[in-house]
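The values are calculated or read from the model by the stated rules, or taken from the named source; none is laboratory data. In this text, all values refer to a predicted model and were calculated from it rather than measured experimentally. Because the Cβ atoms are built from the backbone with ideal geometry, glycine has one as well, and the counts that use them run over all protein chains shown.
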Amino acid sequence: MREKTGFTLAEVLVTLVVIGVVASLTIPALLQNYKKLEYVTRLQKNYKILTEVVSMIQAENDGSLTGFANNNDEVKDAFLKYVRYIDDCDSGSCLGNLWYDNASASSKILNGTSYTTWSGSPTIKFQDGVAWTFWDVTGSDCSQVQGSLGNICFQVGMDVNGIEKDPNTIGRDIFAFYVTKDKVLPMGASSDDPQTGTCNTSSSGWGCAGKIILDGWKMDY
């Protein structure tokens, strides 16, 4: 008579425990990497759209951005002609509406500290929930300077998965760009930019768009 072979109950329980331990160690990392990939993919898409819209505005303005807008609201209105959006707001009416509310500390910098100094700049909300906000238009001559970086016409901030979705963190799903006289420049992409070097978990994260692109579209932080 042949002996029956198989696993004892104790062996099965030990195996399940091992599987559970391995899963608890690997699944969070897999989920984190998936989210990072999602943020980067959305950043790439919005960077492409931003570059295309700026090119169209330049073409309409005789190949230049000089003189096309005198303030933040005029920049936002110029963009509305070229994008599919579901809502927009002017300066002073966006905080707690289409953009973050300073009072509720609903957004953070990359080191985890609450960010509560949004200026209430004009904002566009897109059909997929993404929000773009426009700031620092100091006139129509593109004369703004940041550090050693000059010829800045305006700046664009964007939440690439919408303000309703976490993590609402600069450097994770919130990114920013300079629009200069001749190009769209991600913050952190130029050695002349004072935000270069801020893309780490002990800093603000403002330079992360540039770092991600320079690193080959990877969020390695």
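Just the residues that are within 22 Å of Lys36 (Cβ to Cβ) and buried (at least 19 other Cβ atoms within 10 Å of the Cβ), please, taken from region 124-134. Give the steps one after another, and end with the answer.
Just the residues of region 124-134 that are within 22 Å of Lys36 (Cβ to Cβ), to begin with: 126, 128-132.
Hits for region 124-134 are Val130, Ala131, Trp132.
Mind counting the residues in region 86-117 that are crowded, with 16+ Cβ neighbours inside 10 Å and more than 18 Å from Ile174 (Cβ to Cβ)? Steps first, answer last, please.
So the first thing to find is which residues in region 86-117 are crowded, with 16+ Cβ neighbours inside 10 Å, and the list is 88-89, 91, 94-95, 98-102, 106-110, 115.
When the remaining residues are screened for being more than 18 Å from Ile174 (Cβ to Cβ), the result is 88, 91.
Number satisfying all stated conditions: 2.
Restricting attention to region 167-190, report how many residues are modelled with pLDDT of 95 or more and part of a loop (DSSP other than H, G, I, E, B).
9
Restricting the first residue to region 39-65 and requiring it to be without any contact (Cβ under 8 Å) to a residue 40 or more places away in the chain, which pairs with a second residue that is part of a helix (DSSP H, G or I) meet a Cβ separation below 7 Å and a spacing of at least six or different chains?
Val53/Phe79; Ile57/Ala78
When you scan region 135-151, do you find a residue that is in contact with a helix residue (DSSP H, G or I) (Cβ under 9 Å, 6 or more places away or on another chain) and surrounded by fewer than 15 Cβ atoms within 10 Å (Cβ to Cβ), even just one?
Within region 135-151, none of the residues are in contact with a helix residue (DSSP H, G or I) (Cβ under 9 Å, 6 or more places away or on another chain) and surrounded by fewer than 15 Cβ atoms within 10 Å (Cβ to Cβ).
Looking for something surrounded by 15 or more Cβ atoms within 10 Å (Cβ to Cβ), aliphatic (A, V, I, L, M) and farther than 16 Å from Tyr178 by Cα - is there at least one such residue anywhere in region 60-75?
Within region 60-75 (the criterion being surrounded by 15 or more Cβ atoms within 10 Å (Cβ to Cβ), aliphatic (A, V, I, L, M) and farther than 16 Å from Tyr178 by Cα), the answer is no, since none of the residues qualifies.
Can you name the condition, by its number, that Gln44 falls short on among (1) within 16 Å of the chain's Cα centre (by Cα); (2) surrounded by 15 or more Cβ atoms within 10 Å (Cβ to Cβ); (3) of a type in the set (S, T, N, Q); (4) under 23 Å from Asp193 (Cβ atoms)?
Only one criterion is unmet by Gln44, namely (2).
State whether the residues of region 145-156 include one that is part of a loop (DSSP other than H, G, I, E, B) and of a type in the set (A, V, I, L, M, F, W, C).
no
Assess whether Asn161 counts as being part of a loop (DSSP other than H, G, I, E, B) and either modelled with pLDDT under 95 or under 23 Å from Asp87 (Cα atoms) (or both). Give the steps one after another, and end with the answer.
Numbers: part of a loop (DSSP other than H, G, I, E, B): yes; either modelled with pLDDT under 95 or under 23 Å from Asp87 (Cα atoms) (or both): yes.
Yes: the conditions hold for Asn161.
Go through Thr123, Thr133, Thr201, Thr169 for me and flag whichever is under 29 Å from Tyr82 (Cα atoms), β-branched (Val, Ile, Thr) and in contact (Cβ under 8 Å) with a residue 60 or more places away in the chain. Step through it out loud before you land on a result.
Details: Thr123 fails: in contact (Cβ under 8 Å) with a residue 60 or more places away in the chain; Thr133 fails: in contact (Cβ under 8 Å) with a residue 60 or more places away in the chain; Thr201 fails: under 29 Å from Tyr82 (Cα atoms).
After ruling out the rest, the residue left standing is Thr169.
Identify all residues within region 121-146 that are over 17 Å from the mean Cα position of the chain (by Cα) and either within 25 Å of Tyr100 (Cβ to Cβ) or of a type outside the set (Gly, Ala, Ser) (or both); write none if there are none. Spell out how you get there, then give the answer.
We begin by selecting, within region 121-146, every residue over 17 Å from the mean Cα position of the chain (by Cα); these are 136-146.
Result: Asp136, Val137, Thr138, Asp141, Cys142, Gln144, Val145, Gln146.
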